Structure formats: C-alpha cells, structure tokens
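Written out below as structure tokens is the structure these notes cover.
The values are calculated or read from the model by the stated rules, or taken from the named source; none is laboratory data. Only a predicted model underlies this, so the values are computations on that prediction, with no experimental measurement involved. As a convention, Cβ positions derive from the backbone with ideal geometry for all residues, glycine included, and neighbour counts pool all protein chains shown. Remember, those area values only see protein heavy atoms, side chains included, never the ligands or the DNA or RNA. Shrake-Rupley method; radii C 1.70, N 1.55, O 1.52, S 1.80 Å.
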Amino acid sequence: MISFFQNVIDAVALGSIYALVALGIGLIFGILRLINFAHGDMITVGCYALIVPSTDAAAQLLIGSWTPLAAIAAIAIIVLLVALSTDALVFKHLRRASPTTLMIASFAVSYVTQNALLMAYGARAKGVDFWSGVNVQIAIGELRVPLLQLITVAVTFALMMLLNLFLRYTRYGIQMRAAAEDFRMAQYIGVRGNIVIGLAFAISGMLAATVSLLYVTQSGSLSITMGVPLVLFAFVAVVIGGMGNLLGSVVGGFLIGILLTMLQAYLPPDLRAFRDAFAFAFVILVLLVRPAGLIPARNTIERV
Amino acid sequence: MISRRSLIALTYGAFALSTATQVHAAEDITIGMAVAYSGWVEAYDGEAAKMAQLWVEQANAKGGLLGKPIKIIIGDTKSDRVEGAKVGQELVSKGANLLLVSADYDFGAPAALQAQKAGVISVFVGASDPKAGVLGVGPLSFTANNAGQLEGAIMADWGFQKKGLRKGYTLVDEAIEYTKSVCAGYEWKFPQVGGTIVERDTFKGADPTISSQITRLTNSIRSDGVDHVMLCSVNPGAASAVRQLRAAGINLPIFGSTGMDGTYWLASVPGLKDFYLPSQALPENDRRPAVNAVSSAFKEKYGAAPSTQYAYPIYAFLDMWAKAVTAANTTEGAEVVAGLNTFKDESTVLGPRTFTPKLHIQIDMPMFITSYADNKQSAIEEWRISGTIPNNVLYRTKGN
C-alpha cells in the first residue's frame, strides 16, 4: 500500500512536468494553430543557459550559481527572449501558412536551435551541480517524499492558477482568449494580433523556463536533445486533452504522466521495455472513443 | 584555340603528373579517418581521433612504418550514417591502408563496409559490440575496444570476490544496445560466482525521471536485502539516474560501466562515493608509466588530458597493427589480418590484447576497477575474470 501511494506521488509529479510542457504547447496552438515542436528546445536552452558557454567536458555554472531568485529571473528572461525571437525570425513570416507548414517550420527551428547549442557547448553530455540541496526526502509517516516532487507539483498548480487568473481577468488575457476563439474576428474588433501572439510566445517561454529549472534540479545533467522526449509526450498530452483547449492540455499532461508511471510500476518485467507502446496504445484508444480529445475546444473540432 | 600539338603535350603532362602522384601515394602508408568531427557523435569519436593523430606523429618520429612515413587523410562523417559510407568510400579510394571509423557500431559500420569491400582493414575506435568485427562487417574489421559484456562480468566478479556483495539489482537503460550488453555480462557472471540477482528493472536514458524504478528498488532493499545496484547506462541518463538514486537516500554501492568513465559529469552528483566502474586507462595518475607518458603527450599536444578512457584503445590497436604490418612486411589487408589474428595476450601499452579469426573484440582482458570519491576517480586494482564469455551472452541470443 505504501508503494502504491509512493507511485501516486511519483505519477502526479511527472504529470506536473508534462502538464507544464503541454500548457506551453497548447497556448501557442490555441492562438496560432502552430504545433510548436521547438518548445522542447526552449526547455533545453533554459537548461544550458545555466552554465558558461564552452565546449569543455566539465561544465561551470554561471547563472546557475546566482541566488535562486536572480537565477529564476535570468533564465525566464533568456528563454522568453529566445522564444520571442523564434517568432520574430521564423513564425511571423508564416502567419498565413497552413498548420502543416507551421509545424514543419517548428521542426526547422528545433534543428537549428539544437545545432546552435551543439556548436556553443559541444556534443558531450554535461553534469551540473544545480540546487542539489533541494534533492532531499521528507518523511510523511512511512512515505518518503522527495522535496523536489512537492515543489514541482506546487509550482505547477501555482502557475496554472496564475495563468487562469491572467486569462480571465486581465485585458490582454481576455484578448488572448478572444484570439484563440476566432483570430480574425478578434482582429476586426480591435485585438492587436502581434501583441497577442507575442504574449503567447512569452508565456510559453516562461513555462519552458520553469520546466528547465525543475528538470535540471532533478537530473543534474544536460544534453542537446534533452527537451525532445518531453515535448513528444507533451504533444501527445495536448492531443488527448483536446487541441486548442488549455484545460485539456493540463488534463492530458497529468494523464500521460500518471499513465507512464503506473505502466512502469505495474507492468510485468518482460513488458516494461514496451511501456511507451502501451501508453500510445492507450492514446489511440482514447482518440477512437473521443476523436477530438477529452475536452475538445469548440473552434477546433473540425481541424483535428 | 589550343593546337593539336599542345593538346597532346597537355595530355602527356597530365598523365605524367598523375603517375607521379600515384608513385608518391604508393610510397606513403596511409591511415584514413572516417569519423565524426562534427555533430553529436563527435563526443565519442573526437578524442580517439586526436589520439590516433598523436600515435601517427610518434610513429613518424621513430621512422614511420616499413621505412615509410605514415600519412593521415581525414573525412568528417558529420554524425550521419549515409555521410559515413560516402566518406569511407572516398578515403578508401584515396588509398587508405587502414580505415578508422566511428566509435559506435551503427555509425561506424557504413564506412567500415566500404573498407571491407575494397579489401582494406577497418577499425572502430571504440565500439563495444562484437558485430563491429567479423560477424557484422567482415573478416577485415576490428574494434579497438572491449565487449560491453566484459565490463558487467568484471564488476560482478569483483563485487562478489572483493566487496563481499551477494544480492544484486540491475537497472538497465533500454535505449541502446551497449547498456543491455553490459548487464548481460553481469547477469551471466554474478550467479555463476554464487551471487543472486534479486530483480531486474529497466528505464530509458531520456526519461525525465526514474522515480517509479526507485520506489521498486527501495522496496527490494527493504524486503530482500539488495546490497548493490548494477546500473547499465550511459550519460547523460546514467548521471541523472545516480543523482536521483542518491537523492532518494539509496546509499548502496553502485556499479557502472565505462560509458560513465571520466569525472566530467561528477557535478551531477555532488559528494558521490561508493560508486565503481571498470576502465582501461586513467587520464591522470594511471599506475602504468607508459599510459601516463601517452597522456602527457596528449596533454602537451592538445592542451588537456583526455576526458575519458575512450581516447586510449585506438593507441593500443595501432601499436598492434604496426607490429602485424612489420611482420608481414606489407599493408595488404588479408596478410596483416592473418598476423593480427594470431595475437594472444599480446602486450600493449594498455595491457594484454587478443584477437582470433572469429573475434576482433576484447572479451577477457583485465580492466582496472576504479572508484569515485572526493570528486576523483582512482584505480583500486586490476581485475581479470576467469572463464570465457559464452557466445549466447556475447551475441545476446537466449533472451539476454
């Protein structure tokens, strides 16, 4: 029983990470119809920004050695700027392009970002001693809960609440929701398209920065492709949640995290290697029953 | 307009020039390097390629080979398999007598196959898969490295004999073949010497977390008395796994493989101790003066010592190749291979090395058990397993 509760905590913590990534992808998709595969690379950028750019095998912390608040602010600003620049340099020029073209462009952005990092930091994976003090366990009865898992869950819920408040009660939030509903109509009634899109990239950049910090604290490792598996599963989360619906993205993220953890925990040993295949089979099943996802967005049903 | 006479003169001139080049080429001995100088495989090829360059310089300083200077021709495979085949073919057609290819079987094989087709010897600078040789490429192909299985077997044997460990737990990174091979070797040897493997668990190096694996392992430690963990993985996943294991309060001895060799990743796990892995050579403070001499020459030439042991195996292989070439008095592929195949416990700078007509990979050489403490990796002792790794373990048939 103890290990079941332990597994539930593991699952919710992993789900939180996927929910944050899915939220970043879902936000951009809602407004731009862009499936941004480069979002994972924004996470990687956030991780690498912690260290001194160098191709040496051993990494030296730079921003990572600052006080937590300064480091959080710096990483958030860096990722936000990189995310905005992907829009300014690439996606802005493709506003009238089809979603397929946009998606392919996002692959190109991902490829360029990874190779730029490779040139600056070298190909070898790196180790970093970042916020290692957080890696302790808290005993709750017989349960031993990693503090980082609690932080991850708390940060995720806090950010979701903040985003929700922003979208509901602020001027720009309402404009973003209007744009997500019907971009052209929103423009007709005075919503400035580029500001809304810029905001979407900025917020998704900050979400990516958050994931970067949580992820590096957990793994202590950096590699050029570290964001790719995150974005892959988060994209699946967005699809099963219902593309274009932010609540759906979050639900999908948690669902994927819980599913993967439970499969890893309870599949028989011989089948564990096929964990992902089981997870994707479940995804197919969900989509057969609900082709538009669990919580479909009203305006995207015909697009999926 | 060019007159007919000058055209003839030009043609003769060109012919004479090309013959001269060919004669010049025949005089040199050429080593082709079809490895990744860019892209992500560079992390695995780069230092070995530099080491090969160093070996050639040292050999030339001693008078070359068969009285001729050794020339290097290079081609960048750009971490791409298709590019690898092209570069391999190009270097072979430029007259390479020996072709060095990427450290990984999948990435080196396309170039090695080009060499095999042309009757030229190829060597993987660091592949740990027996396919990187006779079975996968052909009889003219070698790997400078050991089989992954040997690393797992050495840790199992040493752990049982010297650390008194009896109950093992394997954590295998399923993402690549090498890590599965390491654990296959451990799973063969540990029960053979009398140990018990309590449970086998898997993960993928790219997984963001191994929390459910840790939950299972914690249960196993509590209920079955697991006394050590065999972690079969490579960085960055391996370093991340060790960090998470230690963060979860699991302070048991952890055994790793050479995929984690070096200290460059230690920042991931501050204060790491009770962590052991087998290694062929230490870039600093190796016990053998000859290895230290190679390391200092490397440091002098490139400004820093190698970051892992993967720089070294090619040096030992090139020594053996040069010996076989000298004995055969030719660089002709089949004749040199016949010589290499007779090497049994041949002494090299890294210790004894063996090739047979069937196996062009090391499966029973001794390795150094190294331990990690105080941010340093240091050698404890040299260890050699008794008995030969059977074929079903080596090729991982029988569900291994």
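Which is the longest run of chain B containing none of the trypsin sites (Lys or Arg not before Pro) found in DSSP loop states (not H, G, I, E, B) with at most 11 other C-beta atoms within 10 Å? List each step's numbers first, then the result.
Numbers: sites that count: B:Lys62, B:Lys344, B:Lys398.
That gives B:63-343 as the longest site-free run.
Quick one: check the C-alpha center-to-center distance for segment A:25-68 versus segment B:141-174, whole angstrom.
Distance between centres, Cα-based: 36 Å.
In nm, what is the difference between 0.36 nm times the number of residues separating A:Asp276 and A:Val112 and their Cα-Cα distance? Walk me through the intermediate numbers first.
Details: separation 164, 0.36 × 164 = 59.04 nm, distance 2.76 nm.
Here the answer is 56.3 nm.
Using the Cα centre of segment B:225-299 as origin and beta-carbon charges of +1 (Lys, Arg) and -1 (Asp, Glu), tell me which of B:Ala290, B:Leu245, B:Ser233 is placed farthest towards the positive end of the dipole.
B:Ala290
Say a paramagnetic label sat at a point 7 Å from the Cα of A:Val8, along Cα to Cβ; which residues of segment A:240-270 have their backbone N under 17 Å from it?
A:254-255, A:257-263, A:265-266, by backbone N distance to the label point.
Apply 1/(1 + (r/R0)^6) to the Cβ-Cβ distance of B:Ser296 and B:Ile74, taking R0 = 30 Å, and write down the FRET efficiency to the nearest 0.05.
Numbers: r = 24 Å, r/R0 = 0.81.
It comes out at approximately 0.75.
In peptide A:130-136, how many Cβ atoms from other protein chains are near each Cβ within 10 Å, on average? Each step should come with its number before you reach the end.
Details: counts 2, 0, 8, 1, 1, 8, 3.
For peptide A:130-136, the averaged partner shielding equals 3.
Run the simple label-point estimate for B:Glu335 and B:Lys62 please: 7 Å along Cα→C-beta, distance reported in nm.
2.1
Sorted by accessible area (1.4 Å probe), largest first, how do B:Ile31, B:Ile380 line up? Spell out each step's value before the answer.
Details: B:Ile31 5, B:Ile380 60 Å².
In descending accessible area the options line up as B:Ile380, B:Ile31.
Mind telling me which of A:Leu50, A:Leu199, A:Leu263 comes out most flexible in a GNM of chain A, alpha-carbon contacts under 10 Å?
In this elastic network of chain A, the residue with the biggest mean-square fluctuation among A:Leu50, A:Leu199, A:Leu263 is A:Leu263.
Which whole number gives the average count of other chain Cβ atoms within 10 Å of the Cβ atoms across peptide A:263-274? Write down the numbers at each step before the final one.
Values: counts 1, 12, 5, 2, 1, 0, 5, 3, 0, 8, 6, 2.
Mean partner-chain Cβ count within 10 Å for A:263-274: 4.
Any chance you could check the Cα centroid distance between segment B:229-271 and segment A:220-278 for me, in angstrom?
Centre-to-centre (Cα) distance: 24 Å.
Return the unpartnered cysteines for the protein assembly as shown, using a Cβ-Cβ cut-off of under 4.7 Å.
A:Cys47
Each residue of segment A:225-233 in turn: what ³J(HN,Hα) in whole Hz from Karplus with 6.51, -1.76, 1.60 and θ = phi - 60°, glycine and Pro shown as x?
After applying 6.51 cos²θ - 1.76 cosθ + 1.60, I find 9, 4, x, 4, x, 4, 6, 5, 5 Hz.
Calculated FRET efficiency, A:Arg192 and A:Arg290, Cβ-Cβ r, R0 45 Å, to nearest 0.05? The partial results should precede the final answer.
Working: r = 35 Å, r/R0 = 0.78.
Step by step, r from the Cβ atoms, then E = 0.80.
For labels at A:Met185 and A:Ile104 in the simple 7 Å Cα→Cβ model, what's the distance in nm?
Computed distance between label sites A:Met185 and A:Ile104 equals 3.1 nm.
When only C-alpha pairs under 8 Å and at least 6 residues apart count, what is the relative contact order of chain A, in percent?
Working: 478 pairs, mean separation 104.1, N = 304.
For chain A, the relative contact order is 34 percent.
Relative to the first principal axis of the alpha-carbon coordinates of chain B, what is the inclination of helix B:289-302, with its axis defined by its Cα atoms, in degrees from 0 to 90 and to the nearest 10?
60
What accessible area per residue comes out for segment A:52-144, rounded to a whole number of Å², with a 1.4 Å probe? Before the final figure, lay out each step's value.
Numbers: 5140 Å² over 93 residues.
Accessible area per residue: 55 Å².
Can you tell me how the protein assembly as shown classifies by the Cα gyration tensor, rounded, prolate or oblate, using a/c under 1.5 as the rounded cut? If you can, show how the numbers build up before the last one.
Working: a/c = 2.23, a/b = 1.39, b/c = 1.61.
Since a/c reaches 1.5 but b/c is at least a/b, the shape of the protein assembly as shown is classed as oblate.
Where does helix B:313-328 land angle-wise versus the long Cα axis of chain B, in degrees 0 to 90, nearest 10?
For helix B:313-328, the angle is close to 40 degrees.
So if I place +1 on the C-beta of Lys and Arg and -1 on the C-beta of Asp and Glu, and nothing else carries charge, what would the dipole magnitude of the protein assembly as shown be about its Cα centre? I want it in debye, nearest 20. Present the calculation step by step, with values, prior to reporting the outcome.
On the way: 54 positive and 49 negative charges, 277 e Å.
The dipole of the protein assembly as shown has a size of about 1340 debye.
Taking each residue of B:28-36 in turn, how many C-beta atoms of other protein chains fall within 10 Å of its C-beta, and what is the average? Could the numbers behind the result be given before it?
On the way: counts 0, 0, 0, 0, 0, 0, 0, 0, 1.
Mean partner-chain Cβ count within 10 Å for B:28-36: 0.
Return the FRET efficiency for the residue pair B:Ala373, B:Arg287: r is the Cβ-Cβ distance, R0 is 22 Å, and the value is rounded to the nearest 0.05.
Details: r = 17 Å, r/R0 = 0.79.
For R0 = 22 Å, the calculated efficiency reads 0.80.
Mind checking which of B:Val182, B:Ser212, B:Thr196 is farthest towards the positive end of the protein assembly as shown's charge dipole, using Cβ charges of +1 (Lys, Arg) and -1 (Asp, Glu) about the Cα centre?
Going by the charge dipole, the pick is B:Ser212.
Read phi for every residue in segment A:96-106 and hand back ³J(HN,Hα) as whole Hz from Karplus 6.51 cos²θ - 1.76 cosθ + 1.60, θ = phi - 60°, with x for Gly and Pro.
8, 6, 6, x, 5, 4, 4, 5, 5, 4, 5
I'd like the residues of segment B:183-213 whose 1.4 Å-probe accessible area shrinks by no less than 30 Å² going from the isolated chain to the full set of protein chains.
When all protein chains are present, B:Thr202, B:Lys204, B:Ala206, B:Asp207, B:Pro208, B:Thr209, B:Ser211, B:Ser212 each give up 30 Å² or more of accessible surface.
Between A:Leu150 and B:Asn392, what is the spin-label point distance in nm, taking each point 7 Å from the Cα along the Cα→C-beta axis?
Roughly 5.0 nm, to one decimal.
Students often forget the sequence filter, so: which aspartates and glutamates lie under 13 Å Cα-Cα from B:Lys301 once same-chain residues fewer than 8 apart are removed?
B:Glu47, B:Glu57
Provide the per-residue ³J(HN,Hα) series for segment B:193-210, in order, calculated from phi with Karplus coefficients 6.51, -1.76, 1.60 and θ = phi - 60°, each as a whole number of Hz, with x at glycine and proline positions.
Karplus-based 3J(HN,Hα) across segment B:193-210 equals 7, x, x, 10, 9, 5, 7, 10, 10, 10, 8, 10, x, 8, 4, x, 8, 10 Hz.
Relative contact order for chain B: what percent, with Cα pairs under 8 Å and sequence separation of 6 or more? If you can, show how the numbers build up before the last one.
Numbers: 828 pairs, mean separation 61.1, N = 400.
Reported as a whole number, the value is 15 percent.
Where nothing but the Cβ of Lys and Arg (+1) and of Asp and Glu (-1) is charged, how large is the charge dipole of chain B around its Cα centre, in debye to the nearest 20? Don't skip to the answer; put the middle values down first.
Values: 37 positive and 38 negative charges, 49 e Å.
Computed about the Cα centre, the dipole is about 240 debye.
Alpha carbon centre of segment A:150-196 versus segment B:302-317: separation in Å?
For segment A:150-196 versus segment B:302-317, the Cα centre distance is 54 Å.
Need one number: buried accessible surface between chains B and A, 1.4 Å probe, both sides summed, DNA, RNA and ligands left out, in Å² to 100.
Details: alone 17090 and 14760 Å², together 28810 Å².
Interface between B and A: roughly 3000 Å².
Can you bin every Cα-Cα distance in segment A:56-137 into 10 Å intervals starting at zero and give me the percent of pairs per bin, rounded to whole numbers?
For segment A:56-137, the pair-distance distribution reads 14, 32, 32, 17, 5, 0.
Given B:Lys323/B:Lys344; A:Lys92/A:Lys126; A:Lys126/B:Lys204; B:Lys299/B:Lys344; B:Lys180/B:Lys323, which pairs have Cα atoms separated by over 23 Å?
On the way: B:Lys323/B:Lys344 13 Å; A:Lys92/A:Lys126 34 Å; A:Lys126/B:Lys204 18 Å; B:Lys299/B:Lys344 31 Å; B:Lys180/B:Lys323 34 Å.
Over 23 Å apart, Cα to Cα: A:Lys92/A:Lys126; B:Lys299/B:Lys344; B:Lys180/B:Lys323.
Using amide H atoms built in the peptide plane, which far-off residues or other-chain residues are under 5 Å from B:Thr370 H to H?
B:Leu277, B:Ser279, B:Ile380
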